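Below is one structure, written out as structure tokens; the observations come after it.
The values are calculated or read from the model by the stated rules, or taken from the named source; none is laboratory data. Just so it is clear, the model here is predicted, and its values are computed rather than measured. Here the Cβ is made from the backbone with ideal geometry for all residues, glycine too, and neighbour counts use every protein chain on show. Ligands, DNA and RNA are excluded from the accessible area calculation, which covers all protein heavy atoms including side chains. Shrake-Rupley method; radii C 1.70, N 1.55, O 1.52, S 1.80 Å.
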Amino acid sequence: MASDLFEVESPDLALATGASLLRGFALAEAIGLLTDVTEVAARAPFRHLITPGGFRMSVAMTNCGAVGWVSDRSGYRYDRADPDTGRRWPPMPASFQRIATASVAAAGFSAYAPDVCLINRYAPGARLSLHQDRNELDDEAPIVSVSLGLPATFLFGGLKRSDRSSRVPLEHGDVVVWGGPARMRFHGVLPIAEGRHPEVGEQRINLTFRTAL
Ligand code: MD6
Ligand code: FE
């Protein structure tokens, strides 16, 4: 079938100018990435952050790298220390650096050295409401997003909150690279459906790499 042929020859999808979906790009590295997620989380455990409005996020988060993204009643920010332990965030594992660098190259961006990886863990029912990533200094540097485990529906909107969003299915091993003119688009994740992934279990793990500083 013509559509199958197209999938094999050109699996990547341009979501918008500056945003690409690299289907299955992290599949071969998934086991190593998951092992490293477990190691990071042993030192900086997943936690449900409180939003500035006082709500507990349904997604559990942790970080590795020079800084980490955190939220509490005083706002969203990057912090060099993990507020739960007072220690520095764990360093970014080599497997994380490799997938981030390879992904931006595959998406056509120039060399990339992320200084943070935010790790999101979704249990069934967890969701991320529509937002912009706007705590980073550079508003064009790409973000690399790696999906592992249960599938998700990614909401991909425009530059205004009220712009219509499209729904992009993301599966285990998919990578989204997002920069330049697409970097400030609103986006979110619909509630994760019940299920069990053979390697990851009843959860979705998402890695987002950024240059924050
Ligand atoms: C997630 N991702 O997929 C949440 N942000 O779990 C994000 O919020 C995100 O995937 C910026 C660029 C890509 C993303
Ligand atoms: Fe985001």
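Any residue at all in the stretch 97-108 that is assigned to a strand (DSSP E or B) and not basic (Lys, Arg)? Within the stretch 97-108 (the criterion being assigned to a strand (DSSP E or B) and not basic (Lys, Arg)), the answer is no, since none of the residues qualifies. Residue count for the stretch 159-179 satisfying the condition of being among the polar types (S, T, N, Q) and either within 16 Å of Leu15 (Cα to Cα) or within 16 Å of ligand 2 (Cβ to nearest atom) (or both): 2.
Filter the stretch 193-205 for residues that are open to solvent by 10 Å² or more (accessible area, probe 1.4 Å) and within 13 Å of ligand 1 (Cβ to nearest atom) and give the result. Write out each step before concluding.
Initial filter on the stretch 193-205 (open to solvent by 10 Å² or more (accessible area, probe 1.4 Å)): 193-203.
Answer for the stretch 193-205, where residues must be open to solvent by 10 Å² or more (accessible area, probe 1.4 Å) and within 13 Å of ligand 1 (Cβ to nearest atom): just Gln203.
Look through Ala100, Ala107, Ala60, Ala66 and report the one residue that is farther than 26 Å from Gly180 by Cα and open to solvent by less than 70 Å² (accessible area, probe 1.4 Å). Please lay out each step first, then the result.
Working: Ala100 fails: farther than 26 Å from Gly180 by Cα; Ala107 fails: farther than 26 Å from Gly180 by Cα; Ala66 fails: farther than 26 Å from Gly180 by Cα.
Exactly one residue qualifies, and that residue is Ala60.
Among residues of the stretch 158-190 being closer than 23 Å to Leu27 by Cα, away from ligand 1 (no atom under 11 Å from the Cβ) and not basic (Lys, Arg), the one that is surrounded by the fewest Cβ atoms within 10 Å (Cβ to Cβ) is Pro169. How many of the residues making up the stretch 124-137 are over 15 Å from the mean Cα position of the chain (by Cα) and either modelled with pLDDT of 95 or more or crowded, with 21+ Cβ neighbours inside 10 Å (or both)? Matching residues across the stretch 124-137 total 2.
The test for being modelled with pLDDT under 95 and either within 10 Å of ligand 1 (Cβ to nearest atom) or open to solvent by 50 Å² or more (accessible area, probe 1.4 Å) (or both) holds for Glu140. Residues in the stretch 180-206 that are away from ligand 2 (no atom under 12 Å from the Cβ) and modelled with pLDDT of 95 or more: 16 in all.
Taking the stretch 151-167 on its own, how many of its residues are within 14 Å of the chain's Cα centre (by Cα) and modelled with pLDDT of 95 or more? Step through it out loud before you land on a result.
From the stretch 151-167, those within 14 Å of the chain's Cα centre (by Cα) are 151-156; that's our starting set.
Add one more test, that the residue is modelled with pLDDT of 95 or more, and what stays is 151-155.
Adding up the residues that qualify gives 5.
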